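Below is one structure; the comments refer to it alone.
The values are calculated or read from the model by the stated rules, or taken from the named source; none is laboratory data. The structure displayed is predicted, hence computed values, not measured ones. FYI the Cβ positions are ideal-geometry reconstructions off the backbone, even for glycines, and counts take in every protein chain you see. Keep in mind that these areas ignore ligands, DNA and RNA; they rest on the heavy atoms of the full protein, side chains included. Shrake-Rupley method; radii C 1.70, N 1.55, O 1.52, S 1.80 Å.
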Amino acid sequence: QLYAGLMENIAREVERDLREWEPEIQERLKSAVADRCNRRDRVLLESIKEECRTLVEASRRREAEWYNEDSRYKEAIELSNSMKDMAINKLRHWIEDTQGDWKCPALTGD
């Protein structure tokens, strides 16, 4: 499916973009000793990637006919347009809007 391919490409872009945030991640970990020691930043990154993979899999499971209804097609396009922003904003929130330890588990649901 064309849409599933689009979602896969966006998921790959997210993975690439997450790697580009490494300097900011390392800077943030300076104020989060327990998170650094327990590598919770890696758990956060993996949870972001997993959320993207889940959306990709959901798009694969849909039959092509599902997209024929205008409201469903619109929903799918809006999701594809926002997936990358949602993923990066989760990381950005941890880096820019939180301080100290134990913030990663709150964002990953652990």
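In what order, largest first, do R60, R40, R12 sit by accessible area if the probe radius is 1.4 Å?
R12, R60, R40
Based on DSSP H runs of at least 4 residues, each adding -39500 (n - 2.57), what is the mean residue ellipticity at 222 nm of the chain after dividing by all its residues, to the nearest 500 deg cm²/dmol?
The per-residue figure over the chain is -25500 deg cm²/dmol.
Rg to Rh for the chain: what is it, with Cα atoms only and Rh by Kirkwood?
Answer for the chain: 1.07.
How big is the charge dipole of region 11-50 about its Cα centre, in debye rounded to the nearest 20, if each Lys and Arg gets +1 on its Cβ and each Asp and Glu gets -1 on its Cβ?
My answer is approximately 200 debye.
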